[in-house]
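The values are calculated or read from the model by the stated rules, or taken from the named source; none is laboratory data. All of these numbers come straight from a predicted model, not from anything done at the bench. In this analysis, Cβ positions are derived from the backbone assuming ideal geometry, glycine residues included, and neighbour counts consider all displayed protein chains.
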Amino acid sequence: MSRGPAAWILAGALALGLPGCKEGPSPGGVSSTDVLAEVNGEPITVGDLQAVLMVDGKHTLPAQRKGEALRNLLEQMVERRLMLQRFRESGEHVDERQVRGYVEAIARQYGPPGFETMLREEKINREKWVQTVRETLEVEQLIEREVYSKLNVSKEEVRAFYDRNRERFRVGRRWRVRQIVSKTQDEAERFRAKLLQGASFGQLARQESQGAERGRGGDLGFFESGELPESIEAVVKYLDEGEISRVVASPSGYHLFQVTERRSAGILPLESVSEEIVGELIAQKGREQLDRWLATLKGKSAVRYYWRNLDHVPLG
């Protein structure tokens, strides 16, 4: 079955990769085929890797890619272990209220019975899953402190990115639209009559609309051609600014539309996309800095792999 957000937490926490270290002999006191790696003396076992594969839905792997896939996954598990060790060395803690809030938010998506059913069907131990949520938040907090909090993007970098990628910000003709949604056609017609007599569209939307955007006075934002349902665009695109549409029926109710602004096709100005550019540049710099930071962390640690033991990982 497909996995929901709760299951993704376990596998999604494993998202980083670096080149491996040298292989060493099996550690004393442990089965010679059970340990896949040691990270500063802490073992990562065949059972640990099997658990991740199970949660990731990869009970089977193509024979020709099995070795590569398992090696990559083991690398990611090593890096996660390194970061958790670093976090605990720092003496920091994740607020347990944040952990509970995250768990409760995911549980609410399923409802109490559905959440427990998902855990049971996915064969996920609830206690271990909550611990993995906690560890994921620890890793996020560590990366924020060690990497992302130290990044910045200058105005010059934003301008340079914009100039290099101007065509990416080209848009077609757009309309800014707001709506009032009614339960019945008769109600919608009464609202339309009020609007034609001079009532405020925004105020009426706040007071009477059934739409989720009622708190914004019915504002839906900007749309390009093709982004609205055909039956709605066929009405909206012919409206003048400020004009009230006829009543338009849809599966969600009866709509009145008003175009509050029209914009011609062209390239969006820098000021309207600068926040998007900053986010992309931060993400790019973050990936690069994270790779460097992990490489340094790994270089200062005792990491030993037992690659031959990957042959003992049972797959379906």
task = Please go through region 112-133 and pick out each residue that is modelled with pLDDT under 80 and either hydroxyl-bearing (Ser, Thr, Tyr) or buried (at least 17 other Cβ atoms within 10 Å of the Cβ) (or both).
result = Glu122, Ile124
task = Report yes if Phe223 is at pLDDT below 95, under 23 Å from Arg173 (Cβ atoms) and either outside any helix (DSSP H, G or I) or not assigned by TED's automatic domain parsing to the domain that holds Glu189 (or both), otherwise no.
result = yes
key: Pick from region 160-170, criterion touching a residue at least 60 places away in the same chain (Cβ under 8 Å) and more than 25 Å from the chain's Cα centre (by Cα), ranking: surrounded by the fewest Cβ atoms within 10 Å (Cβ to Cβ)   = Glu167
inquiry  = Considering only region 207-217, I want to know if a residue exists there that is within 30 Å of Gln284 (Cα to Cα) and either among the small types (Gly, Ala, Ser) or touching a Lys or Arg at 6+ places or on another chain (Cβ under 8 Å) (or both).
reply    = no
inquiry  = Restricting to region 160-185, and then to whatever is assigned to a helix (DSSP H, G or I) and out of contact with any helix residue (DSSP H, G or I) (no Cβ under 7 Å at 6 or more places or on another chain), can you tell me which residue is nearest to Glu92 (Cα to Cα)?
reply    = Ala160
note = Screening Ala160, Ala212 for residues that are closer than 30 Å to Val278 by Cβ and modelled with pLDDT under 95 leaves only Ala212
remark   = When restricted to Gly286, Gly299, the only residue of a type outside the set (S, T, N, Q) and under 30 Å from Phe169 (Cβ atoms) is Gly286
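This table checks each residue for (1) without any contact (Cβ under 8 Å) to a residue 60 or more places away in the chain; (2) under 30 Å from Glu243 (Cα atoms); (3) over 31 Å from the mean Cα position of the chain (by Cα).
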{"site": "Glu144", "(1), (2), (3)": "yes, no, no"}
{"site": "Val153", "(1), (2), (3)": "no, no, no"}
{"site": "Val158", "(1), (2), (3)": "no, no, no"}
{"site": "Asp186", "(1), (2), (3)": "yes, yes, yes"}
{"site": "Ala199", "(1), (2), (3)": "yes, yes, yes"}
{"site": "Ala205", "(1), (2), (3)": "yes, yes, yes"}
{"site": "Gly211", "(1), (2), (3)": "yes, yes, no"}
task = For region 285-308, indicate whether the set of residues that are over 23 Å from Arg80 (Cα atoms), outside any helix (DSSP H, G or I) and in contact with a Gly (Cβ under 8 Å, 6 or more places away or on another chain) is non-empty.
result = no
note = Reported set for region 233-277 where residues are in contact (Cβ under 8 Å) with a residue 60 or more places away in the chain and within 15 Å of Arg168 (Cα to Cα) is Ala265, Gly266, Ile267, Leu268, Leu270, Val273, Ser274, Ile277
message = Pull out all pairs, ordered by first then second residue, where Cβ-Cβ is under 8 Å, the residues are six or more apart or on different chains, the first lies in region 288-314 and is surrounded by 18 or more Cβ atoms within 10 Å (Cβ to Cβ) and among the polar types (S, T, N, Q), and the second is modelled with pLDDT under 95 and assigned to a helix (DSSP H, G or I).
response = Asn309/Val46
remark   = Listed by first then second residue, the pairs whose first member lies in region 114-140 and is in the same structural domain as Asp95 (by TED's automatic domain parsing), whose partner is among the basic types (Lys, Arg), with beta carbons under 7 Å and at least 6 positions apart or on separate chains, are Leu119/Arg126; Glu122/Arg3; Val139/Arg80
ask   = In this structure, is Val177 more than 30 Å from Val248 (Cβ to Cβ), in contact with a Leu (Cβ under 7 Å, 6 or more places away or on another chain) and either crowded, with 18+ Cβ neighbours inside 10 Å or not small (Gly, Ala, Ser) (or both)?
value = no
query = Does Ile282 qualify as being under 30 Å from Tyr162 (Cα atoms) and crowded, with 17+ Cβ neighbours inside 10 Å?
reply = no
